[in-house]
């Protein structure tokens with residue numbers, strides 16, 4: 001029984017890790033809604049589709065490197081190359097010690113080129129009503145006639 005439980009736990013862990021890896025490789029899309037209240041009874045909703053794309057970026061890891069500078073120092077006290085001794089200077093420098101991969105993302109939003117108009121209404125009778133909606137942007141305009149049936 002313990003082996004079966006261990007196998008199930010390992011299988012579930014593998015599936016969850018696979019889902020996590022795939023979600024970072026695949027773009028994620030979602031819809032963002034922006035609503036503007038035009039008048040007390042009219043609101044306008046615009047929807048954008050946003051896509052988040054993941055990518056890996058390799059960055060250098062900077063650390064401290066130690067440079068040992070060995071040399072011979074001569075005092076020449078009793079002639080050339082006399083009174084010599086080995087010297088060592090230790091220099092600590094910044095240097096590249098490795099690389100790391102960082103997962104980053106970018107998000108790009110594009111308008112769906114459609115808007116939704118919401119009207120607060122209080123029809124007191126049943127029937128068919130004609131509604132004209134016009135959208136204007138400076139010199140451009142677009143109109144739609146809608147028929148609403150209240151029963």
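Any read-out appearing in this document is the output of simple, stated calculations on the displayed coordinates, not a laboratory observation. Keep in mind the model is a prediction, meaning the values are calculated, not measured. Heads up, the Cβs are rebuilt from the backbone with ideal geometry, glycines too, and the neighbour counts pull from every protein chain shown.
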Approximate spin-label separation residue 96-residue 41, in nm, with each point projected 7 Å along Cα-to-Cβ: 6.9 nm
Distance in nm between pseudo-label sites at residue 71 and residue 30 (7 Å out along the Cβ direction from Cα): 6.2 nm
Highest-first arrangement of 43-51, 117-125, where packing means the average Cβ count within 10 Å: 43-51, 117-125
Residues listed by number, region 39-64, amide nitrogen under 18 Å from residue 132 label point at 7 Å toward C-beta: none
